[in-house]
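S.K.: Below is one structure. I have some questions about it.
The values are calculated or read from the model by the stated rules, or taken from the named source; none is laboratory data. Keep in mind that what you see is a predicted model, and the values were worked out from it rather than measured. Cβ: placed from backbone, ideal geometry, glycine included. Neighbour counts: every protein chain shown.
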């Protein structure tokens, strides 16, 4: 048996990338998975894949920017499985544009609602159930939530907001035995890059990354599962990200140059 055998786990943004790989990694422990994302068709194929590995699965199509939909996700999960043990806030999106080039400032509101408020909504409605289960909350943020990244100002801001929210919540829920694990991936091979918003607020359509040089979603997911099992406070998936935490304090101008180089090297 694994740590999550028989446990009920909600994963948002489950249809692609890190979310999909995480569900596949968790499925080997035979949990009960609530698979949440906008694309029903992709969720249905994921359901078949995780059930083939021994998990039970519930498909819940939703947009996490809709608060009522987030409440319904939690309600449907508890109705189907009787409890909730783990909430993984993974749904998110990004951008690739300098502020001076942006023509549609609604990009910032869209990203804040998707990356930050979507996590707040799901966590708010899940918390009473997680307290009963002494459960786990996981926030998939980014190294961009720890340091600024050029061309991704709106994305970075929303991920910083996630850290502020979940670091505060961790203190509030400690007395109930609920843990909060924050994850800060570096660049990960994912559809999120193709869907990144450009200066006009439209999806890029092609990835701006040199994808052969970055971590796969499966590699990232394996690290996340281990962090979840350990109720780890923070997982940073790259050496560059770990060094960045210290350099931000000790040599802030250096971390600015590293961030700028990280973007230029990926174009």
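S.K.: Taking region 1-32, which residues are free of Cβ contacts under 8 Å to residues at least 40 places away in the same chain and in contact with a helix residue (DSSP H, G or I) (Cβ under 6 Å, 6 or more places away or on another chain)?
M.R.: Correct list: 15, 23, 27.
S.K.: I'd like the residue in region 155-170 that is free of Cβ contacts under 8 Å to residues at least 40 places away in the same chain and out of contact with any strand residue (DSSP E or B) (no Cβ under 9 Å at 6 or more places or on another chain) and, out of all such residues, is farthest from residue 102 (Cα to Cα).
M.R.: 168
Residues are listed down the side, and each one gets a yes or a no for (1) over 23 Å from residue 134 (Cβ atoms); (2) assigned to a loop (DSSP other than H, G, I, E, B); (3) at pLDDT below 95:
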residue: 1; (1), (2), (3): no, yes, yes
residue: 5; (1), (2), (3): no, yes, no
residue: 9; (1), (2), (3): no, no, no
residue: 14; (1), (2), (3): yes, yes, no
residue: 23; (1), (2), (3): no, no, no
residue: 30; (1), (2), (3): no, yes, no
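S.K.: Given the condition closer than 19 Å to residue 155 by Cα, assigned to a helix (DSSP H, G or I) and modelled with pLDDT of 75 or more, answer yes or no: does some residue in region 245-254 qualify? Even if it seems obvious, please write down each step before you answer.
M.R.: Residues of region 245-254 closer than 19 Å to residue 155 by Cα: 245, 248.
Those left that are additionally assigned to a helix (DSSP H, G or I): 245, 248.
This time we only want the ones that are modelled with pLDDT of 75 or more, so: 245, 248.
Scanning region 245-254, I find at least one residue that is closer than 19 Å to residue 155 by Cα, assigned to a helix (DSSP H, G or I) and modelled with pLDDT of 75 or more, so the answer is yes.
S.K.: Which one of 180, 225 is in a strand (DSSP E or B), modelled with pLDDT of 75 or more and within 19 Å of residue 85 (Cβ to Cβ)? Break it down into steps so the answer makes sense when it comes.
M.R.: Numbers: 225 fails: in a strand (DSSP E or B).
One residue alone meets the criteria, 180.
S.K.: Right, something else. Given (1) in contact (Cβ under 8 Å) with a residue 60 or more places away in the chain; (2) surrounded by fewer than 21 Cβ atoms within 10 Å (Cβ to Cβ); (3) under 14 Å from the mean Cα position of the chain (by Cα), where does residue 112 come up short, assuming only one miss?
M.R.: (1)
S.K.: Can you tell me which residue among 53, 46, 58, 35 is touching a helix residue (DSSP H, G or I) at 6+ places or on another chain (Cβ under 8 Å) and under 27 Å from residue 161 (Cβ atoms)?
M.R.: Just a single option satisfies the conditions, and that option is 35.
S.K.: Next question, about the same structure. May I ask you to list pairs of residues, at least six apart or on different chains, whose Cβ atoms are under 9 Å apart, with the first in region 137-151 being without any contact (Cβ under 8 Å) to a residue 60 or more places away in the chain and the second being in a loop (DSSP other than H, G, I, E, B) and surrounded by fewer than 23 Cβ atoms within 10 Å (Cβ to Cβ)?
M.R.: 137/178; 142/149; 142/152; 142/186; 144/152
S.K.: Now for a different question. Name the single residue, out of those in region 84-106 being crowded, with 18+ Cβ neighbours inside 10 Å and farther than 29 Å from residue 23 by Cα, that is modelled with the highest pLDDT.
M.R.: 102
S.K.: Condition first: within 19 Å of the chain's Cα centre (by Cα) and either on the phi > 0 side of the Ramachandran plot or buried (at least 17 other Cβ atoms within 10 Å of the Cβ) (or both). Now tell me which residues in region 66-76 satisfy that. Reasoning before the result, please.
M.R.: Filtering region 66-76 down to residues within 19 Å of the chain's Cα centre (by Cα) leaves 66-67, 69-71, 73-74.
Of everything in region 66-76, those that are within 19 Å of the chain's Cα centre (by Cα) and either on the phi > 0 side of the Ramachandran plot or buried (at least 17 other Cβ atoms within 10 Å of the Cβ) (or both) turn out to be 69, 70, 73, 74.
S.K.: While we're here: Could you list, in sequence order, all residues of region 199-222 that are crowded, with 17+ Cβ neighbours inside 10 Å and either modelled with pLDDT under 90 or not in a helix (DSSP H, G or I) (or both)?
M.R.: Those that are crowded, with 17+ Cβ neighbours inside 10 Å and either modelled with pLDDT under 90 or not in a helix (DSSP H, G or I) (or both): 199, 207, 209, 214, 215.
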